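So the structure is just underneath, and the comments pick up after that.
The values are calculated or read from the model by the stated rules, or taken from the named source; none is laboratory data. What you are looking at is a predicted structure, and each value in this text was computed from that prediction instead of being measured. When we count neighbours, we look across all protein chains shown, and the Cβ atoms used for this are built from the backbone with ideal geometry, even at glycine.
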Amino acid sequence: MTVRFAPALVAGCVLASPIAAQQLQGREGTRFTWSERVPAGQWLRIYGNNGRIQVTEASGDAAEVVGEKELRRGRPEDIAFEVRKTSDGITICAVIADEDCDDDGVHHRGRWSDDYNGRRVNFTIRVPKGVKVGVGSGNGDVSVSGATADVRAGSGNGKVRVSAGGPVNASSGNGDVTVERAGGPVKASSGNGRVVVATTRGPVNASSGNGNIEVTMDAIADVTDDMEFSSGNGTITVTVPPNFAGELDASTGSGKFYSDFPMTLRGRIDPQHVRATIGRGGRRLTLQSGNGDVELRKK
């Protein structure tokens, strides 16, 4: 059976195509190190099926990757690192036995499912300015700080935290997701956790299956992109610039709605479902909670 993880991350990073055969490295010993110059605008993608991933900014133009193996059973040589050069960057995966690293960095064959066979790889990564970052862990926390270009970060079962100056796509299947100081569009989601986003520039889309959503945007790009925020069982609080204008559709199953903005209501008055125009109208803003309050705040 084929096993895939971090679908939101994969969707944002599947555009690569191999231009050279993959190389297996780092089988001997418990520490893998890799360093190479990566031009600005290229992707550096790092994937592991079990373990934390930490990304910080490099001081020069060379990317640095360190993979530390933690073994409660098995041997160090059970884990290797596949290095794949693609047309738009480099992908590195921690692989076990006969697992593969696809062009999009997704592992197959699921041999980590038996308590991950007591095998874990923790990645520490340094990324130069302007290099795009794609990182994913099947089971571990993911942290990205200091990135200046696009970031795609995901975990199947862990917290995800991103601080970046460009667009961000961050997701967790079962953990909190935090995005700070993003300088472009943001997509953030959690299957079962809190989602917190603070950006210098929107738009933002965020969702949680079972957690609160808190979003603050200093500014929103002058485009018509719609924004949607949804939670199955949590409070949604969205703070936008004072000059915000749009078409609002806000609903809650058993909570309350609050807005700092004057609105022109459309249709009948319903405290659980509000349709209204704010300012001159424009982009569509959807706020939907199955069991929580919905708030639209003015920054």
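Values for this structure:
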| quantity | calculated |
| --- | --- |
| Residue among 231, 251, 207, 289 that is modelled with pLDDT of 95 or more and surrounded by fewer than 19 Cβ atoms within 10 Å (Cβ to Cβ) | 251 |
| Residue satisfying condition, being crowded, with 16+ Cβ neighbours inside 10 Å, more than 28 Å from the chain's Cα centre (by Cα), assigned by TED's automatic domain parsing to the domain that holds residue 172 and in a loop (DSSP other than H, G, I, E, B), within set 244, 261 | 261 |
| Hey, residue 202 on the phi < 0 side of the Ramachandran plot and within 21 Å of the chain's Cα centre (by Cα) or not | yes |
| Residue in the stretch 99-116 that is at pLDDT 80 or above, in the same structural domain as residue 46 (by TED's automatic domain parsing) and of a type in the set (S, T, N, Q) present | no |
| Residue in the stretch 67-87 that is under 17 Å from residue 128 (Cβ atoms), charged (D, E, K, R) and modelled with pLDDT of 95 or more present | no |
| Long-range neighbours under 9 Å by Cβ, at least six apart or interchain, first residue in the same structural domain as residue 249 (by TED's automatic domain parsing) within the stretch 224-236, second at pLDDT 95 or above and among the aromatic types (Phe, Trp, Tyr) | 236/229 |
